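What follows is a set of notes on a single structure, which appears directly below.
None of the figures in this text is laboratory data; all of them are computed from the coordinates on show. The structure presented is a predicted model; accordingly, all values stated were derived computationally and were not measured. We place every Cβ from the backbone using ideal geometry, glycine too, and count neighbours over all the protein chains shown.
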Amino acid sequence: MSYETTWPGAKKSATAAPVQGKPLSFIEGVAMIVGTNIGAGVLSIVYASRKAGYMPLLFWLVVVGVFTTITMLYVAESTLRTRSHLQLSGLAQRYVGRPGSWLMFASVSVNSLGALTAYMSGSGKLLSSLLGLPATVGSLLFFLPAAGILWLGLKAIGRGEKAICACMVLVLVLLFSATLLQERTDFGHLLEGSWLYMIPVFNVVVFCFSAQYIVPEMARGFSDKPAQLPKAIITGMVITFVLLAAVPLSVIALTGLSNVSEVATISWGEALGQWAFFSANIFALCAMLTSYWGLGGSFLTNLGDRFRWNVDGDKGKRFWAMMLVVVPPFVLAYSGLVSFVNALYIAGVFSGVVLSIMPMMILNGARRRGDRQPQWQCHALITHWLVRVVIVSIYLASGAYAIAALFNLLPSGW
């Protein structure tokens, strides 16, 4: 993909709107993308693909990664054409209308609640494995730093993501190197599985690339340097792909498809030894934490947009919005209604369909009715009608498959 900073007949870009709060650095923006994506999804895709295998998983990581990046760039251009700092539901309200706004808000809500529920459940299981605590106590321990940084706002989230993402990459390099040196590592395991079960894997992979929701929040942090927004998105998505491909490769090569746990780092760490067990699961907790901040922060600001609550300036409104973000996931995690992987699968199905269509409609509206010329716009290649048709077709077909699998008309993959 290439960038275009000028185009025939373009007027000089309008002055960017002032930053609300402290601006983000480029590294903090990239870290927000990586941290949001590398969460519960990277821990669940191995288990979700245990029937399909690694090669179908890798195929979907490439396809979904490319298409998600394209739709994120649609949102990026739309934010750069809009003087006000609006979240996805606010952009949909302005450029698509009230029905589109509510549909987008529903997508944000379902995806966020599915993710945060999975983090509550997964963190409890991991801390129970590490410390021998009851799962509910483990989830409460995870909740304290998760909600604390979320309360402090965008700059605190950016700094937290940057620090923890650096630690996660170091831990992954160490674990990946240890996997390569293990005698029992067998890369033949990567060819096992059946492509018959590839479609259900798609919906969990969609969830792994869930950072679309934070693009407007990043735009708010980059309003003093808007041309860096698309560069941060692409850089963050490339790093995300490398990490998402490396973790299941290591786990499957080491343990095989039949020995993976629902939270992948548990079986990965057990196979490498005690030191790796602690390292892998500390990585997993960090991954959940950074993704919690990204998606939780996006959900919080979308609540503010949708209901016109000043969640940045009114601490009372922020508190009640925070309660809506953090309490329901904990209740759902221990209600017995949804499992760790199913929470991600359901969220991926619904949000994937909405996010395949809505960014296109928002971009069309922003190009017609936006109130300023952007400092960057999408290359014509990625906005071609054929690219849009392919994206919508794949996501709609996946949604139809998920419904059919729910009624046992097609293989569910589980």
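Overview of values
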read-out	value
Selected from Phe299, Phe307, Phe59 as most flexible by GNM, with the chain as the system and alpha-carbon contacts under 10 Å	Phe307
Pairwise Lys count, the range 27-406 - Cα closer than 27 Å, eight or more residues apart or different chains	9
Positive-end residue of Ser298, Thr36, Tyr95, charge dipole of the chain with Cβ unit charges	Tyr95
In degrees, nearest ten, helix 274-307 long axis to first principal axis of the chain (Cα)	30 degrees
Cα point-scatterer Debye curve for the range 36-117, base-10 log of I(q)/I(0) at q = 0.12, 0.19, 0.24 Å⁻¹	-0.50, -0.99, -1.18
Likely footprinting exposure, His384, His379, His189, fewest C-beta neighbours within 10 Å first	His384, His379, His189
Viscosity 1.306 mPa s, temperature 10 °C, Stokes-Einstein D of the range 231-278 from Kirkwood C-alpha radius, µm²/s	135 µm²/s
Fewest-first ranking of Val260, Val392, using other Cβ atoms within 10 Å as the exposure measure	Val392, Val260
Neighbour cut-off at most 16 other Cβ (10 Å), DSSP loop, trypsin sites (Lys or Arg not before Pro), the range 73-161	Arg83
MRE, 222 nm, helices only [DSSP H, n ≥ 4, -39500 (n - 2.57), over the chain, to nearest 500]	-24500 deg cm²/dmol
Of Leu363, Ala48, Phe105, farthest towards positive along the dipole that unit charges on Lys, Arg, Asp, Glu beta carbons give the chain	Leu363
In Å, descending, principal axis extents of the Cα set of the range 188-337	55, 42, 36
Proportion of all alpha-carbon pairs of the range 27-406 beyond 35 Å (%)	20 percent
Potential lengthening between Thr136 and Trp320 on full extension [0.36 nm per residue; Cα-Cα distance subtracted]	64.0 nm
Point-charge dipole on Cβ atoms (K/R +1, D/E -1) for the chain, about Cα centre, debye to 20	1500 debye
GNM flexibility winner over the chain from Thr68, Thr136, Thr290 (Cα, springs under 10 Å)	Thr136
For the range 154-213, convex hull volume per residue from C-alpha positions, Å³	97 Å³
Candidates Ala253, Ala163, Ala52: whichever shows maximal mean-square fluctuation once the chain is modelled as a Gaussian network with Cα springs under 10 Å	Ala163
Dipole of the range 27-406, positive end: most advanced residue of Gly65, Met323, Leu174 [Cβ charges, Cα centre]	Met323
